[in-house]
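Taken together, the values in this text are just the output of simple stated rules run on the coordinates, not laboratory data. From a predicted model like this one, the values you see are computed outputs, not experimental measurements. Virtual Cβ from ideal backbone geometry, glycine too; neighbours counted across all protein chains shown.
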Amino acid sequence: MSSESETTGDSAATSAANGGAAEPEKKPRSFFRELPILILVALVLSFLLQTFVARVYLIPSESMEPTLHGCTGCTGDRIVVEKIGYRFGDPKPGDVIVFRGPDSWSQDFVSTRSSNVVIRGAQEVGSLVGLVPPDENDLVKRVIATGGQTVECCDDQGRILVDGKPLDEPYVVMDFPFVPGSQTCDTALKSARCFGPVTVPEGHLWMMGDNRSNSADSRYHVGDDMQGTIPLDNVIGKAVFIALPPSRMGTISSPDIQGK
């Protein structure tokens, strides 16, 4: 009885303090009411990660075969490109990187965005969170030579030379014909492999695709203001991992192609 009286007294005192009205019981917030907030937070976090840490890119073409798979009308590799490492150092020969194509590389670029305002808006949002490819002339190639180095092709075995030394490129399995004695850089029937020499300006990179017979890279832009090279400022990040499809999942190697 004593305990019940005390409880009753406490309730009465609380009620009196509140003007005689009982405090309403707080209802738990509905999950569906919080869902838009959770989605917004997830989108913001995804945007920040994609902008400053890493981003997923779709490989649309065959220029990096067999390292990266892609082709028109098929499901290409989705690669993870990290953006932090190059804040503390420059790309090295052998790195596979994503970069913004200079203006002279963008002549054949065609926007993939819809003319419908609503659909285009959805595409832009999807791009920010990595669900839709960016509407930019972003390219993926391998670093062959860096600022101050001289690159050319070919030696008597059809290999690329950097500062007079042949590169070790085990990833190249598709290239133009090179036949010693009948189709080289010195014969009447000249090999399509041949180019240079080109000295890479400081702060620039010489880029080439692994599929040498099907890659519009630095070799095809030697007549522009930068001699086919791209400025370091155009570098977006380093390709480090193939995320999809599952059968292709794995790391992307950066071999020491110059043997340093």
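Structure notes:
- Geometric extent, Cα atoms of segment 151-260 - Rg, Dmax (angstrom): 15.6, 47
- Counted by Cβ distance under 13 Å from Cys71, the other residues give a net charge of -3, where Lys and Arg count +1 and Asp and Glu count -1.
- The count of lysine pairs in segment 30-251 with alpha-carbon distances below 20 Å, taking only pairs 8 or more places apart or on different chains, stands at 7.
- The value of relative contact order for segment 30-251, using C-alpha pairs under 8 Å at least six residues apart, is 26 percent.
- Taken over segment 30-251, the alpha-carbon convex hull comes to 153 cubic angstrom per residue.
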